[in-house]
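The structure appears below as structure tokens.
The values are calculated or read from the model by the stated rules, or taken from the named source; none is laboratory data. In this text, all values refer to a predicted model and were calculated from it rather than measured experimentally. Each accessible area value is taken on the protein alone, full model and side chains, heavy atoms only, with ligands, DNA and RNA left out. Shrake-Rupley method; radii C 1.70, N 1.55, O 1.52, S 1.80 Å.
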Amino acid sequence: MTKKNFHYNYQKIDSFGCHVESIIGARGIGKTFGAKKKCCKANKYFGKHFAWVRDTESACDKIRANNGAD
């Protein structure tokens, strides 16, 4: 069985032209991965900056333990 890589497609969301986007959905559909991919592409191709903010102490501990890698 082959496993396909799916992630949330932000193209439709971006078409509305909103300044702030809030995505709500089930676990495991790729909301986080899709957002990271979108931000990394914008940085690579257009030089846009972004910040990935973690809000729990355990998430911050994990990042500190891995020298900033999530």
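A few notes on this one:
- Accessible-area order (highest first, 1.4 angstrom probe) of the listed residues TYR8, TYR45: TYR45, TYR8
- Here the Karplus curve 6.51 cos²θ - 1.76 cosθ + 1.60, taken at θ = phi - 60°, turns the phi angles of region 32-45 into couplings of 5, 4, x, 5, 4, 4, 4, 5, 5, 5, 4, 5, 5, 8 Hz, with x standing for Gly and Pro.
- The phi-based Karplus calculation (6.51 cos²θ - 1.76 cosθ + 1.60; θ = phi - 60°) puts the 3J(HN,Hα) values of region 47-55 at x, 6, 9, 8, 10, 9, 9, 9, 10 Hz, whole numbers, x for Gly and Pro.
- Gaussian network model of the chain, springs between alpha carbon atoms under 10 Å - residue of LYS48, LYS12, LYS37 with greatest fluctuation: LYS12
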